[in-house]
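The structure under discussion appears below in the form of structure tokens.
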Amino acid sequence: MLGVLVHMPLHLRDSSPHVILAVLLANMAIVAGCTAFRKGVDPWQSFPWSLELGPSQLERSVEVPAEARALGHFLKAQLALHQGELERAAAELAAAAAADPSSPFLRRRLGLLYVRLGRLNEAREQLQAAVDLDSHDTHSRMLLAGLASAVGDEAAATREYEAVLAQEPTNQEAHLFLGALHAKQGRYDEAIQVLERLTRLNPTSFLAYAYLGRVYAAKQDFAAAERAFKEALRLSPGTENLLLDLAELYQLQNKPQEAIEIYQRMLQTDPHSAVVRRRLGGLYVGQNRLDEALNEFKELEKIETDPQDTRTKIGLIYYEKGDLEKAVTEFSLVLAADPQNYRVRYYLGAVFTDLRDYDRAVLEFDQIPRDAEFYADAQTQIAAIRQRQGRIDEAIAAMQRALEARPENDDYRTFLASLYREKGHLRKAIEIMEQLVEKAPNNDRYHFTLGALYDEAKDKDACIRHMRKAIELNPDNAPALNYLGYTFAEQGVNLDEAEDLIRRALRIEPNDGYYIDSLAWVYYQRGDYAKAIELLERAMELVSDDPTITEHLADAYLKVGRTQEALNLFQQAFKRAKDRDQIRRLQGKIEALGAKPETAGQSTEQGDARP
């Protein structure tokens, strides 16, 4: 047996593993019999002389050549692989490579096994050793390049692919992978050069044209990409991935109808293609063709083994269409199958909110746990619902919970400040906005909000300071331009500057009734009542239910002697007014005209907050 092992031709190492294993089994069976191998007994222990000498004495008695030891370890590795013992196989292959360090074959096989085991750095070492031993080993170079690319060493991967192409100029895989690697790094022209060379070397390579189309698409040369994809399809008609690439290209070019036609042709060939129905349904949604999208997703629901995601899309389409009851049904079915799908539970809460079934909405939102992705948004929705219901304390509590989950969210803080303002806690609202301004001093919206809060708190100087800062940071902040202009008009000061500010706001939003009212009040303060009336009547057409605009028009009518019309408008404004100061002011004006207020609005502590 030993003589057979020692003198076995070394070229068998490159034979099929099954051939080598057969040689091993045949030789061992002659000496030890097949029973030992069937029972998994160590073949070494089956040699008859081992009972007397033992392995260590035998090893001292006979010096086994290195090549024979390498072959033995290799064959043991093959047997371990056959038995699914990868770690033992790796150990045997490593021993084989150590016994015969000049074998690139053993290094390559060990590198491949390390890849299977996920030991990528060791795999690279072995493959590099194989290449160092045999510089013409393009197989190992390709593997080495792939590993380098996988671990992000793109420079090394490029070198190996280029070395392969230097030795094998027609190697298609090397061209494709090198082109893809260049494209991944944004080197589109180099990628195109490599792939164009492959099309010249092999004009029938549909893969070359397919890769070329993807590179041109990434470069946004859509016409060249379309030509490449169509050539690839000419060489390989009906290839699904190519058709999908071409359809996606049409979508990138905003050619939805061309993409739809491709998807529809594909469905004629394979009506059960889930990927095509999913894409076509999504495309219809983007085109707002919701009925057609719904049909595609319903067909998709029949195909998929787990249709919950598709059912969710169907629910969202019903939601977009305004068919809220059907949306409730779809989302409820998803939740029946998966109660912990908190994204869908959030959607269901939103549908109940739109249905004005606020208790059901809050019930759904409240079932989203603190550690779920949608928890903070759900609490914000609860806050908005409670705000609509006038339950401000509960709204504030919900926003505080949202902020505990996402303390970095400044939009939540702004909403919380608005809730404190609505409750009449202006100092608390100002405190929050001061913190936001300190955190983001160049945010013009924060300065505007803070200025408006100071105005309500009767601190005009602070209001003007923050409004000026908002305009300085953003000269096109129309609300800030109008607010500052109206503030001056209301005080009867800086009327020229006020007119300039308000006209700048109107250039940005020419049909804003509140801005037109502000400009009218500048003319009123100048005593140009005819111009003021002209503008105020226009503002009333745009915003017919605002008590402040109505009161302003009544004031202007009164100035030109249109007393009855003025009284009628004062009464309308009084019915709509909610600010306590305005209610008292209107009551005085009505009584001054010898009448009594008809119906008082609900009074609050808030001031008049102009947009």
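Okay, here's what the table says:
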item: Residue list for region 549-571, filter: of a type outside the set (S, T, Y), over 12 Å from Y529 (Cβ atoms) and under 50 Å from the mean Cα position of the chain (by Cα); result: I549, E551
item: Qualifying positions in region 86-102 - over 48 Å from the mean Cα position of the chain (by Cα), surrounded by fewer than 23 Cβ atoms within 10 Å (Cβ to Cβ) and among the small types (G, A, S); result: A95, A98, A99, S102
item: Residue list for region 305-329, filter: in contact with a Phe, Trp or Tyr (Cβ under 6 Å, 6 or more places away or on another chain) and within 21 Å of A274 (Cβ to Cβ); result: T310, K313, I314, G315
item: Residue satisfying condition, being over 17 Å from L426 (Cβ atoms), among the hydrophobic types (A, V, I, L, M, F, W, C) and open to solvent by 60 Å² or more (accessible area, probe 1.4 Å), within set I508, I502, I471; result: I508
item: Matching entry among A566, A556, A573 (being assigned to a helix (DSSP H, G or I) and either more than 26 Å from A595 (Cα to Cα) or in contact with a Ser or Thr (Cβ under 7 Å, 6 or more places away or on another chain) (or both)); result: A573
item: Of residues in region 502-532 being outside any helix (DSSP H, G or I) and in contact (Cβ under 8 Å) with a residue 24 or more places away in the chain, the one farthest from Y557 (Cα to Cα); result: E509
item: Of all residues making up region 294-312, the number that are among the basic types (K, R) and open to solvent by less than 70 Å² (accessible area, probe 1.4 Å); result: 1
item: Scan of region 268-314 for residues that are of a type in the set (V, I, T) and under 18 Å from D338 (Cβ atoms), ordered by number; result: T305, T310, T312, I314
item: Top-ranked residue of region 397-428 - restricted to ones that are among the aliphatic types (A, V, I, L, M) and buried (at least 20 other Cβ atoms within 10 Å of the Cβ), ranked as nearest to the chain's Cα centre (by Cα); result: A402
item: Residue within region 368-383 that is open to solvent by 70 Å² or more (accessible area, probe 1.4 Å), over 30 Å from A247 (Cβ atoms) and assigned to a helix (DSSP H, G or I) present; result: no
item: Helices (runs of 4 or more DSSP H) fully within region 83-183 counting 2 or more residues that are among the hydroxyl-bearing types (S, T, Y); result: 138-150, 154-167
item: Single condition R278 does not satisfy, out of (1) open to solvent by 20 Å² or more (accessible area, probe 1.4 Å); (2) within 22 Å of Y346 (Cα to Cα); (3) touching a residue at least 12 places away in the same chain (Cβ under 8 Å); result: (2)
item: Filtered residue count, region 419-462, keeping only those that are in contact (Cβ under 8 Å) with a residue 12 or more places away in the chain, within 21 Å of R391 (Cα to Cα) and not aliphatic (A, V, I, L, M); result: 6
item: Number of the exception - A489 against (1) open to solvent by 10 Å² or more (accessible area, probe 1.4 Å); (2) modelled with pLDDT of 95 or more; result: (1)
item: Per-region count, region 545-592, residues open to solvent by 70 Å² or more (accessible area, probe 1.4 Å) and either among the small types (G, A, S) or touching a strand residue (DSSP E or B) at 6+ places or on another chain (Cβ under 7 Å) (or both); result: 3
item: Some residue of region 235-247 being among the β-branched types (V, I, T) and open to solvent by less than 30 Å² (accessible area, probe 1.4 Å); result: no
item: Options E541, E499; residue that is over 22 Å from M467 (Cα atoms) and either assigned to a helix (DSSP H, G or I) or acidic (D, E) (or both); result: E541
item: Checklist (1) in a loop (DSSP other than H, G, I, E, B); (2) in contact (Cβ under 8 Å) with a residue 12 or more places away in the chain applied to L535, failing item; result: (1)
item: Contacts under 8 angstrom Cβ, first residue in region 582-596 being within 12 Å of N568 (Cα to Cα), partner in a loop (DSSP other than H, G, I, E, B) and open to solvent by 90 Å² or more (accessible area, probe 1.4 Å), 6 or more apart; result: I590/K596
item: Odd one out for D517, checked against (1) charged (D, E, K, R); (2) open to solvent by 10 Å² or more (accessible area, probe 1.4 Å); (3) over 40 Å from the mean Cα position of the chain (by Cα); (4) closer than 17 Å to L481 by Cα; result: (2)
item: Qualifying residue in region 317-335 (condition: among the small types (G, A, S) and crowded, with 23+ Cβ neighbours inside 10 Å); result: yes
item: Pair list, Cβ under 6 Å, 6 or more apart: region 213-239 residue closer than 18 Å to R265 by Cβ and assigned to a loop (DSSP other than H, G, I, E, B), other residue of a type outside the set (G, A, S) and at pLDDT below 95; result: S236/F206
item: Tabulated pairs, region 380-400, first under 16 Å from A429 (Cα atoms), second open to solvent by 50 Å² or more (accessible area, probe 1.4 Å) and among the acidic types (D, E), C-beta under 6 angstrom, 6+ apart or interchain; result: I392/E422
item: Those residues of region 200-212 which are closer than 19 Å to L243 by Cβ and part of a helix (DSSP H, G or I), in sequence order; result: F206, L207, A208, Y209, A210, Y211, L212
item: Complete set of residues in region 120-152 that are among the charged types (D, E, K, R) and within 24 Å of L198 (Cβ to Cβ); result: D137, R141
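Here's the yes/no breakdown for (1) closer than 28 Å to I392 by Cβ; (2) within 34 Å of the chain's Cα centre (by Cα):
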residue	(1), (2)
I430	yes, no
L436	yes, yes
R445	yes, yes
P475	no, yes
R507	no, no
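The values are calculated or read from the model by the stated rules, or taken from the named source; none is laboratory data. Everything quoted here is computed from the prediction, not taken from an experiment. Every residue, glycine among them, receives a Cβ derived from its backbone with ideal geometry; neighbour counts consider all protein chains shown. We work out accessible area using only protein heavy atoms, side chains counted, and drop any ligands, DNA or RNA first. Shrake-Rupley method; radii C 1.70, N 1.55, O 1.52, S 1.80 Å.
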